[in-house]
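Working notes, beginning with the structure itself.
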Amino acid sequence: MPKLISFDIDGTLEVGDPPGCLTMQMVREAKDQGYIIGSCSDRIVSNQQRIWRDHDIPVQFTVLKHQLDAVKVEFEAEQYYHIGDTNIDRQYAERAGFEFFLPEKALTHFWSPS
C-alpha cells in the first residue's frame, strides 16, 4: 500500500513565499518512489494547481489547509504525512491523523542519503 505526503507551500517548498528548503525535484523523487503526493495550503486551490502544472508535477490532490482530513478519507494509504512550517500546519495535520514534519526534519526523514 502506498504512503501519502501532503506538502504545504509557503515556507516549505522552494517555490513558496517565503521559499522553503524542499525542492520541486525532491517532490518528483517522492512521486517516483510511489508516494501519493499533493498540497494542502492556505493558497487557493487554483493557485496550488498552477504551481504543480508550471513545474510539470502531476499531483493527486490540492486542498485548503483545513481540508486535510478529506484527503485521508479520499485516499487509502499505509501512512499519512504532512510537511509544513507552522504550528497551524501541525495542528491540522495532527487533527486529521497525519504524522507532521517540519521541512528541515523532512529532509533527513524522506531524502537522507542512503
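Could you work out what % of the accessible surface of the chain is carbon and sulfur, using a 1.4 angstrom probe and leaving DNA, RNA and ligands out of the count? Don't jump to the answer; show the numbers that get you there.
On the way: 2850 of 5980 Å².
That share works out to 48 percent.
Could you order 24, 1 so the one with the most accessible surface comes first? Probe is 1.4 Å.
Details: 24 5, 1 130 Å².
Result, largest first: 1, 24.
Highest mean first, what order results for 88-101, 3-16 on Cβ atoms within 10 Å?
Values: 88-101: 17.8, 3-16: 22.1.
Per-residue mean Cβ counts within 10 Å order the peptides as 3-16, 88-101.
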Query raised in the report: What distance in nm separates the simple spin-label points at residue 49 and residue 95, each placed 7 Å from Cα in the Cβ direction?
Result: 2.5 nm
Report summary line: Computed over the chain, protein heavy atoms only, probe 1.4 angstrom, the accessible area per residue in square angstrom equals 52 Å²
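If you keep only loop residues by DSSP, which chymotrypsin sites (Phe, Trp or Tyr not before Pro) in the stretch 49-91 have at most 15 other Cβ atoms within 10 Å of their Cβ?
Values: sites: 52, 61, 75, 80, 81; in loops: 75.
Within the stretch 49-91, the qualifying chymotrypsin sites (Phe, Trp or Tyr not before Pro) (loop, at most 15 other Cβ atoms within 10 Å) are 75.
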Requested in this report: Straight distance only, please: which aspartates and glutamates reach the Cα of residue 3 with their own Cα at less than 14 Å, same-chain residues fewer than 8 apart left out?
Outcome: 29, 32, 74, 76, 78, 99
Report summary line: So, relative contact order of the chain in percent, Cα under 8 Å, 6 or more apart, is 29 percent
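The values are calculated or read from the model by the stated rules, or taken from the named source; none is laboratory data. Since the model is a prediction, treat every value here as computed from it, not as a measurement. A quick note on method: Cβ atoms are made from the backbone with ideal geometry, for glycine too, and the neighbour counts reach across all protein chains shown. These accessible areas exclude ligands, DNA and RNA; they are computed on the full protein's heavy atoms, side chains included. Shrake-Rupley method; radii C 1.70, N 1.55, O 1.52, S 1.80 Å.
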